[in-house]
1. Let me spell it out: the conditions are (1) of a type outside the set (A, V, I, L, M, F, W, C); (2) within 12 Å of chain B (Cβ to nearest Cβ); (3) exposed (fewer than 12 other Cβ atoms within 10 Å of the Cβ), and A:Gly67 meets all of them except one. Which number is the exception?
2. On the given criteria, is B:Ala409 under 16 Å from B:Leu229 (Cβ atoms), among the aliphatic types (A, V, I, L, M), in the same structural domain as B:Ala230 (by TED's automatic domain parsing) and in contact with a Phe, Trp or Tyr (Cβ under 6 Å, 6 or more places away or on another chain)?
3. How about the range A:104-122: which of its residues are surrounded by 12 or more Cβ atoms within 10 Å (Cβ to Cβ) and either touching a Pro at 6+ places or on another chain (Cβ under 7 Å) or of a type in the set (Lys, Arg) (or both)?
4. Can you tell me which residue within the range B:309-359, out of those that are part of a helix (DSSP H, G or I) and among the charged types (D, E, K, R), is farthest from B:Leu120 (Cα to Cα)?
5. With the structure loaded, tell me whether B:Asp119 is farther than 25 Å from B:Pro313 by Cα and assigned by TED's automatic domain parsing to the domain that holds B:Thr353 or whether it fails that test.
6. Residues being surrounded by fewer than 16 Cβ atoms within 10 Å (Cβ to Cβ), within 14 Å of chain A (Cβ to nearest Cβ) and assigned to a loop (DSSP other than H, G, I, E, B): count how many of those fall in the range B:154-197.
7. For the range A:137-163, give me each residue that is under 15 Å from B:Ser249 (Cα atoms) and assigned to a helix (DSSP H, G or I).
8. I need a count of the residues in the range B:85-105 that are at the interface with chain A (Cβ under 10 Å from one of its Cβ atoms) and open to solvent by 20 Å² or more (accessible area, probe 1.4 Å).
Amino acid sequence: MNAPATATAQRKTQAMHKNLQAGICFWSFLMPALAGLVLFMAIPMVWGFLLSLSHAQNTIHPGHFIGARNYTDLLTDPEFLNSLWTILVFTLFIVPATFAFSLWLALAVHSIPKGKAFFRTVFFIPTAVSYAAASLIARMSFFSGTASGFANHLVGLFGMQPVQWIGTASPPWYWLVLVSVRLWLQVGFYMIIFLAALQEIPRSLYEAAALDGATGGWTVLRFITLPQLRNASVSILLLNLIAAFQAFDEFYNILGGSGSSGGNIGLARPPLVYIYNVALSSQDFGRGAAGGFIITALIVLFTLVQGRLLGFGSKEGR
Amino acid sequence: MATPMLTTPVTRRQMLKTFVFAGGALLSGCARSDYIDGKLVLTQWYHQYGEKGTFQAVHRYAREYTRVNPHIIVKVVWIPGDYGTKLATALLTPDGPDVFESTLTQAMVEAGQTAPLNDLFTSQDLADFNPRDIALNSVNGKIYGVKMIDDLGLLYYRKSMLQSAGMQPPATLDELMTLAAKLTTPQRKGLFLGNDGGITAMLNVLPWSAGADFLVNSQIVFNTPRTVLAYQKLQQLNQGGSLLMGAASDWWDPSAFTSGQAAMQWCGMWAYPAIARAVGSDLGAVIWPPLDAQGVPVTFLGGWTAMVNANRPHVEEAKKFLQWQWIQNRAIQTDWCVGYGFHVPPRLSLARTTPKLQQPVPAYAVNMLGKYGKATPPLWNAAMGSDLTNAVTNIVKLGQPAAQQVAAAADMCNRELQRELE
């Protein structure tokens, strides 16, 4: 009478035990990643948001809440608005320039019959250089304002006076320095992505195009190569846009001079340098956090707009 | 332990033990131990001084303290690069330095970062320290810092160059501008005020030379026609083509002057030994000339201040150490002030009697610092400095109307001041 009931109960406990074990396994595999995510992403984000609503001078403890005043202070500071404008102009220039230049390099390297690996390596090597090192080389030796600087030496060969590359607003040569450093450092990286994508394009497409009478490099490029590079292009544009919005190193190291509040940085101060100064020089962590959230919102907004325009995430082809 | 894991199911208790153990190991790895071999370890931070021998000197001072106090070890941390930021960040954590050098701000005091040090001074000490150094390191009557060195700026020139140009050392800013233009050649610029055209180096000095000031009695007072005129002159100077910009190092380093890239340079007295070695008896120096007939000659009263971190467990020991090093030990104070770069000792008796400061240029500098040295009070903070710098950049580099920019900066600074005083 009793036996079947006991057996069922036993089976039930066994099943429960198994479930429990599976649960433990599941959580012990998940926990490290989850803990990392909570510890390094979720908590700092919530903490940062609370800070952005606090008057946190020389402290990182939220508590003295002042509502949205940090946000209104920032949005009424002409220098912060200037920094947003600066980064917008920079982004609108550097993203297409990087795109065009790295695509051109990739096509060139891809088309040469011999020595591909050599050129690929040569163009990729600058990616390994740090922004800080490259900025210092640009500021102190290449674009030094003295007559002995390399760029001024070249200028001197044409019989012209030494140019102050950094530090004068008219003409704003410092943009040349900033842009050339960033192009030198990042073009090689995006070139590699383009090269990988170029190798994925089936030869048969080109053969079919040739049979159909598509002649001339330009037609083939426009109707075969570029459409085939669409996915690579979209990701390069997105990565590039985010990287441009987060520009800090070359501005800080080239224009910052002796300290980040040096006079030249006022010529072109990107938002991250502004936030760095507010939070770490002025020690106003509340306003710094608020600035961080404003920039994040802008990056999300621009990424969404760009994604929508380029059809990011949609299935292949339109 | 040696049994294969797969056959023995892990119990919850075992799992918990493992986590606690791993977590504990992780945390104890992060925390800093206060003791080594039963000796208390005090951490002391310095920014990187550029002069040769400074690094060895601070380690020597630390060892000397252990010799007289065998139960304490002073661990020196020498920090290159952006010292202010690294220090400020470290002071927010429980693991910051015990003793550090910086410049006192009221915000640091209000945040409870620095320990009051009044009890370290005897009345004789107090009477012997430069009263302005004491005042600049006091907030509401409490002293929070001991000045280690006083610095000032000097305009260095070569006498022979002035002679061949038929000029005297400048007595007004206009004379300096004429001189800078005369000394400019295709290979050399007349004057070096830093790579930003003097925006940082002249930010306070020029308005001071016009008789203006910045923050007096908790009031922002720089929005005057004299300040505006001073910055307009800086813009003229920047447009004159006689300023060196884009040198490898900035105004605080003498190499643009010693290498001959600039005929004159505004630099600190700290660089005097290096400059004197390079230029010899041809060297001349004056403090910054008055803006015009209504102005005053001026230099900055700068330097570094030693403070005790109030948020460390061994504040009393740290205070004792700071007292030994920067109040009682005259040998160290003298060595630090004139052994490497040149600085004025904050102790008046040392400033008067140190032999190395009796040479013509340093003796002149010590005298001028006492008469014309100016500084901003602890209430003036980095945010105000940055608001003003932005305005001056707009005036000097972008040619925007000076009066409007100065007024806007004063508004911004008032906003910062209200925040600070709230």
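1. The failed condition is (2).
2. no
3. Residues satisfying the conditions are A:Lys116, A:Arg120.
4. If we filter the range B:309-359 for residues that are part of a helix (DSSP H, G or I), which is where we start, we get B:315-328, B:330-338, B:348-353, B:355-358.
Restricting the remaining residues to those that are among the charged types (D, E, K, R) gives B:316-317, B:319-320, B:330, B:335, B:352, B:356.
Numbers: B:Glu316: 10, B:Glu317: 12, B:Lys319: 7, B:Lys320: 8, B:Arg330: 15, B:Asp335: 21, B:Arg352: 23, B:Lys356: 28 Å.
Ranking the qualifying residues of the range B:309-359, first place goes to B:Lys356.
5. No; evaluated as a whole, the condition is false for this residue.
6. 2
7. Within the range A:137-163, A:Ile137, A:Ala138, A:Arg139, A:Met140, A:Ser141, A:Phe142 qualify.
8. Summing the residues that are at the interface with chain A (Cβ under 10 Å from one of its Cβ atoms) and open to solvent by 20 Å² or more (accessible area, probe 1.4 Å) in the range B:85-105 gives 5.
The values are calculated or read from the model by the stated rules, or taken from the named source; none is laboratory data. What you are looking at is a predicted structure, and each value in this text was computed from that prediction instead of being measured. Positions of Cβ are backbone-derived with ideal geometry, glycine not excepted, and every protein chain shown enters the neighbour counts. The protein model used for the area step is the full one, side chains on, heavy atoms only, and it has no ligands, DNA or RNA in it. Shrake-Rupley method; radii C 1.70, N 1.55, O 1.52, S 1.80 Å.
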